[in-house]
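Here's the structure, in structure tokens; my notes come after.
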């Protein structure tokens, strides 16, 4: 029995060692990023530090960054604006579609459901060239609408919300609302939306983070400087004009990451429980 | 509920069309039509700033099959996906078993899980730029760290051995390794969470009866946890493969947007971008590339399902057959 406990102790020590290593591995790149964003190029070149520089240096780096056409505030606002509308459209219309599929028995319902499952499997790059050419034809390149409108048909969100509706919504409630004289859309807005709010919140977070992080589609579609999103600006830090401004480069990267870190530190429990909500049932 | 709708019910059911209308309209305009259009364009010669095109039949596909850069990109994508996926699943499997182990009774599990998942939420473009700086030459933090440990690259220059910092992005294996590492770093926490959800859903009575029969923890892991996780692992494998075939932001931004060094970290998606939006703007060929990648993905998914599906249903009749013989 003694050797059994000793073995368990040994295993536990080993497991903790590995956990601490992986913990550090997850933190260190972010930590270096935040520290170096507050240091000068000379300090960064002199060696690794685990302690931050000065506020004055942050102001200097900020200045070095923005004076070279890196309009952080504009990019920040653009990303926020896009993520807001993409999330709102995606979640609202998906809830509508999921409700329509769940409650009404209309011709073509099964076909539509099958179609949604099929779209889930198709990689996005398959339609990209056609999408780009189509947007060019109807003069929607360089327009946020080309990014926002497609979110109205978010197959994954519909799938997730329909599963949620199936588990929670009772038809008696809908019938009661109808008997009380509420129209179909009024029932949806005043009865159904409040009931599915937890699922909408979970889905909104993932949509929001997804749109915030989306680099490629806006990078290809948007060409006007003032419409650039934050990831598009970050991409510019590769360029030669920043070559000597290491502190500025780190600061620019940090600006796109810090909002997510702050958000995540408050919502991690909710987000982690949301990951497995959609994908796997059982 | 299942009976045929009549009268008022049928009229009410028509409202369903109003609810699904926005989805259907947007899907057909912005997703279905572009997909069909991509297929169409793959058979044309659309390139450059022109907007007119003529049909050229299978020309683009014939070119694609013989294009060493395309197959090189396919190879790069596979290598970097494999280098990331094998350790990702392996480490995540071990971690999820440990974290779910009641006998080990680990502390701070929630915090650990939250922290290792965190990189998954970060902007991939920013992560690429961050690692580009961290592995920078000659004074990036990784080089500073290695030099501090006394690790240098030794080069012979003018007949003398010189110690130099590592120029990671000039070296094929190092660059591919860095891409794979970033992908692993961003995704293994996600896999841990998925696998832990899978372990939680395994019925406790299975373990209880195994323990009553005298099974130790290694046996319960080997004969209960792993077989029961099989569907979840299959799901993770297929979604990771489909995602891996689309790998773009990290290899695109880590070096020169063309997969340097020597196009060896150029994935199929980066190649598609290079063809369509740089140089000749060969949209038709890029469309052919996306269809090629799609076909490869489908074939792989089918192979995975064929070899890894649960075939106990198929095996049993065979056993019976052998017995009767």
ask   = For segment B:1-102, which fully contained helices (runs of 4 or more DSSP H) count at least 2 residues that are surrounded by fewer than 13 Cβ atoms within 10 Å (Cβ to Cβ)?
value = B:7-13, B:59-65, B:68-100
key: Every residue from segment A:230-261 that is in contact with a helix residue (DSSP H, G or I) (Cβ under 6 Å, 6 or more places away or on another chain), part of a helix (DSSP H, G or I) and over 18 Å from residue A:218 (Cβ atoms)   = A:242, A:246, A:247, A:248, A:249, A:250, A:251, A:254
ask   = What tally of residues in segment B:299-310 results from selecting those that are within 14 Å of another protein chain (Cβ to nearest Cβ) and loosely packed, with under 14 Cβ neighbours inside 10 Å?
value = 3
query = Are any of the residues in segment A:99-108 more than 30 Å from the chain's Cα centre (by Cα), exposed (fewer than 13 other Cβ atoms within 10 Å of the Cβ) and closer than 30 Å to residue B:19 by Cβ?
reply = yes
message = Going residue by residue through segment A:138-159, is there one that turns out to be more than 21 Å from residue B:22 (Cβ to Cβ), part of a helix (DSSP H, G or I) and at pLDDT below 95?
response = no
query = Of all residues in segment A:203-240, which are modelled with pLDDT under 90, surrounded by fewer than 21 Cβ atoms within 10 Å (Cβ to Cβ) and within 14 Å of chain B (Cβ to nearest Cβ)?
reply = A:236, A:238, A:239, A:240
request  = Given the conditions (1) within 12 Å of chain B (Cβ to nearest Cβ); (2) not in a helix (DSSP H, G or I), report the number of the one that residue A:181 does not fulfil.
outcome  = (1)
request  = Would you be able to tell me the number of residues in segment B:109-118 that are facing chain A (nearest Cβ under 8 Å) and surrounded by fewer than 23 Cβ atoms within 10 Å (Cβ to Cβ)?
outcome  = 6
Criterion: closer than 23 Å to residue A:239 by Cβ and touching a helix residue (DSSP H, G or I) at 6+ places or on another chain (Cβ under 8 Å) - qualifying residue of B:124, B:215, B:180, B:210 = B:124
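To keep it simple, each residue is scored yes or no on (1) out of contact with any strand residue (DSSP E or B) (no Cβ under 9 Å at 6 or more places or on another chain); (2) free of Cβ contacts under 8 Å to residues at least 40 places away in the same chain; (3) over 29 Å from residue A:269 (Cβ atoms).
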{"residue": "B:173", "(1), (2), (3)": "yes, yes, yes"}
{"residue": "B:187", "(1), (2), (3)": "yes, no, no"}
{"residue": "B:204", "(1), (2), (3)": "yes, yes, no"}
{"residue": "B:232", "(1), (2), (3)": "yes, yes, no"}
{"residue": "B:237", "(1), (2), (3)": "yes, no, no"}
{"residue": "B:277", "(1), (2), (3)": "yes, yes, yes"}
ask   = Of the residues that make up segment A:178-185, is at least one in contact with a helix residue (DSSP H, G or I) (Cβ under 9 Å, 6 or more places away or on another chain) and modelled with pLDDT of 90 or more?
value = yes
ask   = Taking segment B:41-51 on its own, how many of its residues are in contact with a helix residue (DSSP H, G or I) (Cβ under 8 Å, 6 or more places away or on another chain) and without any contact (Cβ under 8 Å) to a residue 12 or more places away in the chain?
value = 1
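The values are calculated or read from the model by the stated rules, or taken from the named source; none is laboratory data. These figures come from a predicted structure and were not determined experimentally. Here Cβ is always computed from backbone atoms with ideal geometry, including for glycine, and neighbour counts include all displayed protein chains.
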